[in-house]
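Each remark here refers to the structure printed beneath this line.
The values are calculated or read from the model by the stated rules, or taken from the named source; none is laboratory data. It should be emphasised that the depicted structure is a prediction, and the values quoted were computed from it without experimental measurement. Every residue, glycine among them, receives a Cβ derived from its backbone with ideal geometry; neighbour counts consider all protein chains shown.
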Amino acid sequence: MLELRDQDYVIQRVRAGVLEQGTMDTLREAGVGARMDREGAVHEGIELRYDGEGHRIDFAGLCGRAIMVYGQQEVVKDLIERRRADGLPLLFEVDDVEVDPDTPKVAFTHDGERHELTAKAIAGCDGFHGVCRDTIAHALTERTREYPFGWLGILAEVAPSTHELIYASHERGFALHSLRSPELSRLYIQVDPHDDIENWPDERIWEELHTRFEKPGWTLQEGPIVEKGITPMRSFLVEPMQHERLYLAGDAAHIVPPTGAKGLNLAVADVRVLAQALTDWLRGGDASGLDSYSEKCLARVWRVQHFSWWMTSMLHRFPEEDEIQQRLQRAELDYVTSSRAASTMLAENYTGLPYGWEAA
Ligand SMILES: Cc1cc2nc3c(=O)[nH]c(=O)nc-3n(C[C@H](O)[C@H](O)[C@H](O)COP(=O)(O)OP(=O)(O)OC[C@H]3O[C@@H](n4cnc5c(N)ncnc54)[C@H](O)[C@@H]3O)c2cc1C
């Protein structure tokens with residue numbers, strides 16, 4: 001297992017925080033779920049807020065499933081600890097990684113020395129900016145869509161002002177109140193993707209958050225902002241997700257806009273399929289799982305792409321949108337918050353479709 005960055009960097013990198021039911025189950029089955037179960041917070045619903053009113057989507061009542069709020073960096077810490085406890089190799093700060101999917105082989109530099117690994121298969125889990133996808137680009141078809149907005153995200157040292165995530169649709173744009181711990185809140189606002197974070201002093205961010213979350217009788221608590229940044233939003237994927245004996249997983253193969261809280265969960269779903277396929281091949285000589293890896297993963301990837309696009313389209317303001325588009329968004333929100341069938345669709349996708357649903 002090779003990682004470009006140092007260990008401190010990867011365990012401090014704050015990103016996703018919502019684990020869907022299948023991700024929780026996978027971590028438990030892999031023996032890395034104990035701290036998540038102790039320290040994570042189970043959430044059985046979210047709030048959709050618009051026109052100063054909140055509408056709860058009751059996951060437990062609608063589909064009998066839930067999510068866990070537990071930071072991605074905590075998952076990474078648990079995985080590193082387990083890898084070390086198992087005495088398996090894990091190298092940080094590797095450089096100049098080169099991948100050959102045919103042989104297959106990986107060359108890299110570590111501690112100033114060049115190394116070469118020969119392997120039976122390579123898992124390309126090196127994220128959107130890694131080298132694996134580029135190495136096999138000639139064999140892949142890329143599909144991409146950029147959104148005309150990004151998310152300005154902050155981490156604030158203040159107790160969350162809510163027990164469940166709040167997704168707010170406001171005429172000034174989308175806002176999300178997420179949670180990290182009893183002492184840490186994660187909040188986002190929709191901004192221009194080309195905006196500079198320097199244009200957003202802390203007071204301006206809080207002012208915008210207060211406006212977009214406004215609801216009579218509810219107050220947003222402020223606290224010191226300890227991290228802030230702007231992330232662009234895109235839908236992206238490659239087909240297929242494999243070439244020769246190189247298998248892409250996670251952000252290396254696809255990116256979803258974060259509105260559905262799916263990026264990390266989709267990465268875990270890929271890895272689950274890949275782990276089983278590799279086990280069947282290496283232990284039992286059965287390569288059918290590897291051969292169909294891409295096809296199996298892409299069924300979920302497209303479903304999740306659709307859900308993430310749908311949540312994004314329903315909740316964000318688009319530049320130059322006309323009145324018809326605004327009324328259509330409003331009609332969708334009214335439907336989702338009033339119809340049991342529509343809110344069940346949201347609940348089922350947000351908490352994550354069960355593994356194997358596509359074969360049912
Ligand atoms: C600001 C931000 C907020 C996010 N919020 C959410 C959220 O709320 N919910 C959600 O579900 N998702 C969210 N995501 C997305 C989520 O974090 C990703 O989908 C998830 O990290 C994908 O996991 P991955 O393992 O595929 O890629 P990564 O986590 O990116 O891991 C890839 C690793 O490969 C390493 N690497 C890169 N190149 C090389 C190389 N050449 N050699 C060796 N190693 C290499 C990288 O350093 C990195 O550690 C967010 C992302 C960002 C950036």
Residues (small (Gly, Ala, Ser) and either in a loop (DSSP other than H, G, I, E, B) or buried (at least 16 other Cβ atoms within 10 Å of the Cβ) (or both)) located in the stretch 1-38: ALA16, GLY17, GLY22, ALA30, GLY31, GLY33
Per-region count, the stretch 57-98, residues without any contact (Cβ under 8 Å) to a residue 24 or more places away in the chain and either surrounded by 14 or more Cβ atoms within 10 Å (Cβ to Cβ) or within 19 Å of ASP251 (Cα to Cα) (or both): 2
Some residue of the stretch 86-109 being in a helix (DSSP H, G or I) and over 15 Å from ASP6 (Cα atoms): no
So GLU157, is it buried (at least 20 other Cβ atoms within 10 Å of the Cβ), of a type in the set (Asp, Glu) and closer than 26 Å to ARG38 by Cα: no
Tabulated pairs, the stretch 191-212, first closer than 16 Å to ARG317 by Cα, second of a type in the set (Phe, Trp, Tyr) and part of a helix (DSSP H, G or I), C-beta under 8 angstrom, 6+ apart or interchain: none
Flag for ALA267 being of a type in the set (A, V, I, L, M, F, W, C) and within 16 Å of the ligand (Cβ to nearest atom): yes
All positions within the stretch 63-74 that are over 15 Å from LYS262 (Cβ atoms), within 12 Å of the ligand (Cβ to nearest atom) and assigned to a helix (DSSP H, G or I): GLN73
Which numbered condition PRO101 misses (of (1) out of contact with any Ser or Thr (no Cβ under 8 Å at 6 or more places or on another chain); (2) crowded, with 20+ Cβ neighbours inside 10 Å; (3) more than 30 Å from GLU44 (Cα to Cα); (4) not aliphatic (A, V, I, L, M)): (1)
Selection status of ILE57, within 30 Å of SER338 (Cβ to Cβ) and within 14 Å of the ligand (Cβ to nearest atom): no
Residue selected from the stretch 316-329 under the condition in contact (Cβ under 8 Å) with a residue 40 or more places away in the chain and surrounded by 13 or more Cβ atoms within 10 Å (Cβ to Cβ), by the criterion nearest to ALA168 (Cα to Cα): HIS316
Boolean, PHE307 is farther than 19 Å from GLU171 by Cβ and touching a residue at least 40 places away in the same chain (Cβ under 8 Å): yes
In the stretch 172-191, residue surrounded by the most Cβ atoms within 10 Å (Cβ to Cβ) [restricted to those that are farther than 16 Å from PRO148 by Cα and away from the ligand (no atom under 16 Å from the Cβ)]: GLU183
Where TYR147 falls short, out of the listed (1) modelled with pLDDT of 95 or more; (2) within 21 Å of GLU244 (Cβ to Cβ): (2)
1 or more residues modelled with pLDDT under 95: qualifying helices (runs of 4 or more DSSP H) within the stretch 293-360: 323-338
Unique match (being within 12 Å of the ligand (Cβ to nearest atom), polar (S, T, N, Q), under 24 Å from the mean Cα position of the chain (by Cα) and not in a helix (DSSP H, G or I)) among THR259, THR231: THR231
Some residue of the stretch 38-52 being without any contact (Cβ under 8 Å) to a residue 60 or more places away in the chain and within 16 Å of the ligand (Cβ to nearest atom): yes
Conditions (1) at negative phi; (2) more than 10 Å from the ligand (Cβ to nearest atom); number of the one not met by GLY31: (1)
Pairs where the first residue, in the stretch 122-136, is near the ligand (Cβ under 10 Å from one of its atoms) and the second is among the acidic types (Asp, Glu), C-beta under 7 Å, 6+ apart: GLY127/ASP251; PHE128/ASP251; CYS132/ASP126
Subset of the stretch 193-243 [surrounded by 15 or more Cβ atoms within 10 Å (Cβ to Cβ) and of a type in the set (Gly, Ala, Ser)]: GLY223, SER235
